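Here is the structure we will look at, set down as structure tokens.
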Amino acid sequence: MRKLENTRLFYIKPLLKDINSNKNVFVDMHVHTSYTDGMMNVEKIVQKARKYGIGIAITDHNHIQGALELSQVKDVFSIPGIEVAGKEGIHILIYFYTYPDLQKFYRKHIEPNKIKEKFTMLKVKTIDIIKTARKFKCVICAAHPFGPGATGLARKIHGEMMNEVILEGLDAIEIMNGSMFRGHNNKALKFGQVINLGITGGSDAHTTKEIGGTMTYANCSKTISAFLDAVVKNKNKVIGKESHILYKPYTKIMLLRDVARSPILYSKYHMNLVKKKLGIKK
């Protein structure tokens, strides 16, 4: 753990004011907008990215409108991304080498499988999402692998399915997530070492203040292909700290809003999780 922490993961808050003078390319790889459960629109994200010279990957839940809007902003470096969740609730980040591929993937494999526009989970299994994503040039990353509930791939509730997902083509592990607690991130770091995949970090920002709190960076040209290649080839690093605990309730507030809109759907989903944990077959 110590070697990776010293050479590729730095538990310090990035000095955003110094980014413009740094030779590396810095990208916050996990940002949400008001199109899903974020508290900010794309314009607010762009303003902060411009101010500090950082790149952004908008990774809304099963949604790409924010990412497509960002792609039209030519003076902000961006990575095409989306955060998807199959019927088991596992959160997977997928980064594409081109925006057209992101759009094709969404139109063909995500949009038709939505249960409801604001419902986080899809009708299809996580493994099937990964198999279809593999048809495109992309980087598939396990978001906050020890995250709460069923969102983390490495949680015990997912059992052998975790191995299947990894073998099917996982490229990276998010070893630093700004919205998690240090214990979650420490476990993710150890997990990343064991399975020896690429590493990423992102703020998981839902508010403007959180943007840039955790970032992935690489000494490469400022192109999507060069940056994602650096992640896959383990030539990148991660820097950041968890966001202040006062920001964490924002995510919960938005989740409660969605639960209130779809109480039956969420009740069924959580009942299935309980059954799965207890080993009760449907």
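Bear in mind these aren't lab numbers, they're just calculated from the coordinates by the rules spelled out. Please read all numbers here as calculations on a predicted model, not as lab measurements. For neighbour counting, all protein chains shown are included, and Cβ atoms are generated from backbone atoms with ideal geometry for every residue, glycine included.
Most exposed first by the Cβ proxy, i.e. fewest other Cβ within 10 Å, how do 60, 229, 28 rank?
On the way: 60 21, 229 16, 28 31.
Sorted ascending by nearby Cβ count, the order is 229, 60, 28.
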(Q) Distances longer than 20 Å among the Cα atoms of the range 115-223: what percent of all pairs is that? (A) 46 percent
Q: Using a 10 Å cut-off on Cβ atoms, rank the peptides 153-161, 46-54 from the highest mean neighbour count down.
A: 46-54, 153-161
Q.
Distance cut-off 18 Å, Cα to Cα: go down the list 108/135; 23/209; 23/235; 13/209 and report the pairs above it.
A. 23/209
Q: Extending each Cα 7 Å along its Cβ direction at residue 134 and residue 226, get the distance between those two points in nm, one decimal.
A: 3.1 nm
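Please report 180, 162, 39 as a ranked list, fewest other C-beta atoms within 10 angstrom at the top and most at the bottom. Write down the numbers at each step before the final one.
Working: 180 25, 162 22, 39 19.
Going from least to most buried by this count: 39, 162, 180.
Explain nothing, just the number: relative contact order of the range 113-191, from Cα pairs under 8 Å at least 6 residues apart, as a whole percent.
On the way: 90 pairs, mean separation 22.6, N = 79.
Relative contact order for the range 113-191 comes out at 29 percent.
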**Q.** Euclidean distance of C-alpha centroids, the range 1-61 and the range 167-205, integer Å
**A.** 16 Å
Q) Tell me which aspartates and glutamates have Cα within less than 12 Å of residue 137's Cα, excluding those fewer than 8 residues away on the same chain? A) 101, 171, 229
Q. Under a point spin-label approximation (7 Å from Cα along Cα-to-Cβ), what is the residue 208-residue 193 distance to one decimal in nm?
A. 4.0 nm
Q.
Checking the cross-link filter: which aspartates and glutamates have an alpha carbon closer than 14 Å to that of residue 123, excluding same-chain neighbours under 8 positions apart?
A. 88, 111
Q.
At a 10 Å Cβ-Cβ cut-off, how would you order 13, 23, fewest neighbours first?
A. 23, 13
